[in-house]
1. Step by step: first the residues of the stretch 209-223, then only those that are under 21 Å from ASP25 (Cβ atoms) and among the hydrophobic types (A, V, I, L, M, F, W, C), then the one that is nearest to the chain's Cα centre (by Cα). Which residue is that?
2. Considering only residues of the stretch 164-186 that are modelled with pLDDT under 80 and in a strand (DSSP E or B), which is surrounded by the fewest Cβ atoms within 10 Å (Cβ to Cβ)?
3. Of GLY222, GLY201, GLY196, which residue is of a type outside the set (Val, Ile, Thr), assigned to a loop (DSSP other than H, G, I, E, B), surrounded by fewer than 24 Cβ atoms within 10 Å (Cβ to Cβ) and modelled with pLDDT of 95 or more?
4. Tell me, which residue of the stretch 204-217 that is part of a loop (DSSP other than H, G, I, E, B) and small (Gly, Ala, Ser) is surrounded by the most Cβ atoms within 10 Å (Cβ to Cβ)?
5. Within the stretch 69-114, restricting attention to residues that are acidic (Asp, Glu) and over 17 Å from THR183 (Cβ atoms), which residue is modelled with the highest pLDDT?
6. Can you say whether VAL252 is surrounded by fewer than 24 Cβ atoms within 10 Å (Cβ to Cβ) and either touching a helix residue (DSSP H, G or I) at 6+ places or on another chain (Cβ under 9 Å) or under 18 Å from ASN119 (Cβ atoms) (or both), as far as the supplied structure shows?
7. Name the residue, out of SER209, SER204, that is farther than 25 Å from HIS145 by Cβ and among the polar types (S, T, N, Q).
8. Of everything in the stretch 236-247, what is out of contact with any Pro (no Cβ under 8 Å at 6 or more places or on another chain) and either surrounded by 15 or more Cβ atoms within 10 Å (Cβ to Cβ) or within 23 Å of SER209 (Cα to Cα) (or both)? Give them in sequence order.
Amino acid sequence: REAARNTQCKNHLKQIGLALHTYHDALGSFPPGWLDTSYNIPSSPPDNGFGWAAFILAQMDQVPLHDRIDFSEPINQSPGNANFVANQYLEIYRCASDNGPDTTNNLPPSPGLPQAVDNYVACFGKKQICENCSDTGRSDGAFAHNSSTRLSDIKDGTSSTFLVGERAWVGANTFGDAYWAGTPDNWALDILGSAGFPMNGNNSARFSSFHPGGANFVFCDGSVRFLSETIDSDPVLVGTYQKLATISGGEVVGRY
């Protein structure tokens with residue numbers, strides 16, 4: 001059964017990769033990691049911006065939902081965004097091996113509006129993702145604050161750089177949550193992941209899954225691969241895992 005669930009998860013990532021490329025072909029770049037008018041920090045109220053997965057809804061065969069979004073308004077301040085869009089469960093953004101809830105009441109204001117759970121986060125690179133970090137606005141991966149990464153920016157090679165990976169649901173406001181619509185509580189790590197932390201570790205920004213031994217990732221060339229949680233990883237010395245997360249680090253990726 002797990003083998004079938006893992007295959008389905010890989011198919012979801014394959015579709016996500018194709019949608020990202022279709023978006024790129026139409027608009028000249030990949031979508032922003034998250035959209036926000038504030039500067040140098042992931043998000044500051046009331047600018048809870050929509051994330052990358054919302055931008056590709058049309059390419060994911062979700063045109064009616066995409067057309068309901070008011071991208072000029074924050075997720076939680078436009079009645080249509082908060083009460084209809086953000087709480088829509090989308091199977092394509094869920095991994096069958098994850099038994100987390102369909103939605104959680106995690107969208108501000110308190111006590112919280114329903115927000116649909118997600119199992120896929122885009123790659124910020126190997127840098128830290130946190131509120132008010134001085135380096136947060138400048139990722140070394142394909143997705144960041146108001147980013148518009150092009151395929152020509154992937155200097156390390158499309159087959160050696162991943163775009164999106166898995167995030168296992170553990171619980172809201174813990175080291176295991178993600179939401180497809182965007183940043184529900186001003187944390188960019190709810191929609192992005194960093195290889196600067198161990199896979200399946202206990203940091204909120206990590207990539208993770210409930211598949212035994214690792215997680216699935218879709219690469220810039222559209223291929224989907226299962227990466228072992230024991231992959232060579234060193235955030236300081238830059239291991240293989242970190243090299244696969246950056247777009248133009250100039251690193252040589254060996255066998256893994």
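The values are calculated or read from the model by the stated rules, or taken from the named source; none is laboratory data. All of these numbers come straight from a predicted model, not from anything done at the bench. Glycine also receives a Cβ, built like all others from the backbone with ideal geometry; neighbour counts cover every protein chain displayed.
1. Here is the first cut: in the stretch 209-223, the ones under 21 Å from ASP25 (Cβ atoms) are 218-223.
Filter once more, keeping what is among the hydrophobic types (A, V, I, L, M, F, W, C): 218-220.
Working: VAL218: 11, PHE219: 13, CYS220: 14 Å.
By that ranking, first place goes to VAL218.
2. The qualifying residue surrounded by the fewest Cβ atoms within 10 Å (Cβ to Cβ) is GLY171.
3. Details: GLY201 fails: modelled with pLDDT of 95 or more; GLY196 fails: modelled with pLDDT of 95 or more.
Matching residue, one of GLY222, GLY201, GLY196: GLY222.
4. Start the filter on the stretch 204-217 by keeping residues that are part of a loop (DSSP other than H, G, I, E, B), which leaves 204-213.
Pick out the ones that are also small (Gly, Ala, Ser) and you get 204-205, 208-209, 213.
Working: SER204: 21, ALA205: 23, SER208: 28, SER209: 25, GLY213: 12.
So, considering only residues that are part of a loop (DSSP other than H, G, I, E, B) and small (Gly, Ala, Ser), the one surrounded by the most Cβ atoms within 10 Å (Cβ to Cβ) is SER208.
5. The initial filter retains those residues of the stretch 69-114 that are acidic (Asp, Glu), namely 70, 73, 91, 98, 102.
Of the ones still in play, those that are also over 17 Å from THR183 (Cβ atoms) are 91, 98, 102.
Working: GLU91: 97, ASP98: 93, ASP102: 92.
Checking each candidate, the answer is GLU91.
6. Details: surrounded by fewer than 24 Cβ atoms within 10 Å (Cβ to Cβ): yes; either touching a helix residue (DSSP H, G or I) at 6+ places or on another chain (Cβ under 9 Å) or under 18 Å from ASN119 (Cβ atoms) (or both): yes.
Answer is yes for this residue.
7. On the way: SER204 fails: farther than 25 Å from HIS145 by Cβ.
When all the criteria are applied, what remains is SER209.
8. Restricting attention to the stretch 236-247, the residues satisfying the condition of being out of contact with any Pro (no Cβ under 8 Å at 6 or more places or on another chain) are 236-241, 243-247.
Matches in the stretch 236-247: VAL238, GLY239, THR240, TYR241, LYS243, LEU244, ALA245, THR246, ILE247.
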